[in-house]
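A short worksheet on the structure shown next.
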Amino acid sequence: MVVVLIMFLASRSSFTGVVSHTDSPSSLSGGESADAIPVPWSSYPGVAVLATEPSLLLAAEQLAQSLGLPLAGPGGKGYPLLLVRTPERLELRVVEARGEGPIHVHFAAEDRPGRLRGGRGGHRQLIAAMGSHRRSFSPRVLDATAGLGRDGFILACSGYRVTMVERSPIVAALLADGLERARGDARIAPVVTANLTLLHADALQVMSTTTADARPEVVYLDPMHPPRVKSALVRKEMRRLRAIVGDDADARLLFAAALDHARERVVVKRPRQAESITARAPSYVLTGRSTRYDIYLTGATPAAAAREADHGLAE
Ligand SMILES: C[S@@+](CC[C@H](N)C(=O)[O-])C[C@H]1O[C@@H](n2cnc3c(N)ncnc32)[C@H](O)[C@@H]1O
């Protein structure tokens, strides 16, 4: 049953909804409204929306309507996947994987980079991959594969103005809910409001419709990891996310568009041992314990790129 569900959802992974992004010069500035998801969607017959209590029924109904999903009856019987509105949050429950806990988005004050800098190396590397050593302004980052928003949040807390783009309507709904809750948390509300924006759209479409002035300094890509990677290396949550959104088989197209779009650099996150996203060699690479960042400088002369690579590797 699980296999059938995964195969079915993977076959649904390509974006077929109507893009909600509108071409706007300010689309890459922080703090825009991110909670509306006006994309009609009816491609997941196995998914329904459920409210855990009667007072949440109206909100669940509205969400179901905006996503084009059915509203489940009490208990959610008959649906392998449930998008559940609880008093605390929106969460995705995979009925067959009860032991694993629901998927939700949590932007936690504890994860702010002030703490992370002295702590987890992977996050330091993500920030370093952006070229953090030579910034005198707040660069714009297009996080073209937002997922559950972890990387986007770290970058936003580090001062980058991040536009997260997510094409899966279900993942985008979880993200929008996480953002809304973060705006209610006084410890992170200012940075989330100022620096983190969500677009439910295909990033290819976003890049092709953004005006030249609004092009970001950095395009960040973290497509679903290649299937050959040992599953133990891929975080449990990401494996489940993959069951919902499928493989990002068009990642190379996204990369090609990103190279044209980014003013300064494209940063691609990969599992440490995975091959590069294309045959093109990165300008330099930052390698961590399980993750690697391939950095492609787009705006630099070869000499400047070499200097930049030296700096980046020394960080
Ligand atoms: C591995 S996850 C990203 C995880 C993310 N970096 C994080 O920190 O949570 C990849 C996500 O990118 C999304 N995605 C892939 N291609 C996309 C595209 N062309 N436009 C928008 N989203 C895309 C997928 O739906 C999936 O949710």
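The values are calculated or read from the model by the stated rules, or taken from the named source; none is laboratory data. Treat the numbers as computed from the prediction; the structure is a model and nothing was measured. Glycine gets a Cβ as well: all are built from the backbone with ideal geometry, and neighbour counts include every protein chain shown.
Yes or no, residue by residue, for (1) buried (at least 20 other Cβ atoms within 10 Å of the Cβ); (2) at pLDDT 95 or above:
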residue	(1), (2)
232	no, no
244	yes, no
275	no, no
282	yes, yes
287	no, no
295	yes, yes
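Of all residues in region 50-68, those satisfying the criterion of being farther than 19 Å from residue 102 by Cα and surrounded by 17 or more Cβ atoms within 10 Å (Cβ to Cβ) are 66, 67.
Residues in region 247-282 that are out of contact with any helix residue (DSSP H, G or I) (no Cβ under 8 Å at 6 or more places or on another chain) and not in a loop (DSSP other than H, G, I, E, B) were compared, and the one that is farthest from the ligand (Cβ to nearest atom) is 265. All of 171, 141, 162, 191 fail the test of being over 30 Å from residue 48 (Cβ atoms) and either part of a helix (DSSP H, G or I) or more than 15 Å from the chain's Cα centre (by Cα) (or both), apart from 191. Does region 153-171 contain at least one residue that is more than 8 Å from the ligand (Cβ to nearest atom), modelled with pLDDT under 95 and either surrounded by fewer than 21 Cβ atoms within 10 Å (Cβ to Cβ) or outside the structural domain of residue 212 (by TED's automatic domain parsing) (or both)? Checked against the condition, which is being more than 8 Å from the ligand (Cβ to nearest atom), modelled with pLDDT under 95 and either surrounded by fewer than 21 Cβ atoms within 10 Å (Cβ to Cβ) or outside the structural domain of residue 212 (by TED's automatic domain parsing) (or both), region 153-171 yields at least one hit. In this structure, is residue 216 within 13 Å of the ligand (Cβ to nearest atom), in the same structural domain as residue 267 (by TED's automatic domain parsing), in a loop (DSSP other than H, G, I, E, B) and of a type outside the set (A, V, I, L, M)? Taking the combined requirement at face value, the residue does not satisfy it. Comparison of 56, 50, 69, 63 shows that the only residue that is assigned to a helix (DSSP H, G or I), out of contact with any Pro (no Cβ under 8 Å at 6 or more places or on another chain) and at pLDDT 90 or above is 63.
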